[in-house]
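This report refers to the structure that appears directly beneath it.
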Amino acid sequence: MRYWLALILLTVSVASAAQTMYRWVDKNGGVHYTDHPPAPNKAAQVEEKHVVTLGVPTAQMPATLRQAVTNYPVTLYTQPDCGTFCQRGRDLLKQRGVPFTEKSVKTNQDVTALRTLVGGSDKLSVPVMRVGSQVVEGFYAGRWNDLLDAAGYPKAKAPSKP
């Protein structure tokens, strides 16, 4: 147990200085987030992400926010006709100061991929929020806040400096 804790702390301290984050899937389907690209023979799929929020690079974020962004990136899945619920989801994330990636689900391939992400249900309720590997389907402010709290995101956006 102590080994894993030490490994996590080491990973966080190294990743906290990173501005570029890599999300990669290994040959066994395991998903990894690192601040360096994987060895070419280790990954089946690699995504490079440059994390910036409100014009602030990851390295300049407060430590707790930087840690949450590195360990539990947030993705918001929406559809063009989602309306009020998608806007409420965006607003909640912005009010808390949570950096997020928004993916618009437009094609049949997008819908199929999102159904797989949420567990293959026939009926899909957007918005869908993914925090790390946890997924919440539909906008439920309480559930969203609980998940963001557990990931270590701030409860409110930090005031801007003059």
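Each value in this text was obtained by applying a stated rule to the coordinates, not by laboratory testing. Source: prediction; values computed, not measured. Positions of Cβ are generated from backbone atoms using ideal geometry, with glycine treated the same way; all protein chains shown enter the neighbour counts.
If you bin all the Cα-Cα distances of the stretch 87-126 at 5 Å, starting from zero, the percentages per bin are 6, 20, 24, 18, 20, 11, 2.
Quick one: net charge of V118's neighbours, Cβ under 12 Å, K/R +1, D/E -1? Please list the in-between numbers first.
On the way: positive: R115, K123, R130; negative: D122, E137.
With Lys, Arg at +1 and Asp, Glu at -1, the net is +1.
For the stretch 72-162, the residue among G120, A156, G132 whose Cα projects farthest onto the positive side of the dipole built from Cβ charges is A156.
Taking neighbour Cβ counts within 10 Å as the exposure measure, how do Y77, Y72 sort from fewest upward?
Lowest to highest Cβ neighbour count: Y72, Y77.
Neighbours of R90, meaning other residues whose beta-carbon lies under 13 angstrom from its beta-carbon, give a summed charge of +2 when Lys and Arg score +1 and Asp and Glu score -1.
Charged neighbours of K157, selected by a Cβ distance under 12 Å, balance to +2 (K, R count +1; D, E count -1). Per the Kirkwood formula applied to alpha carbons, the stretch 72-162 shows a radius of gyration over Rh ratio, Rg over Rh, of 0.99.
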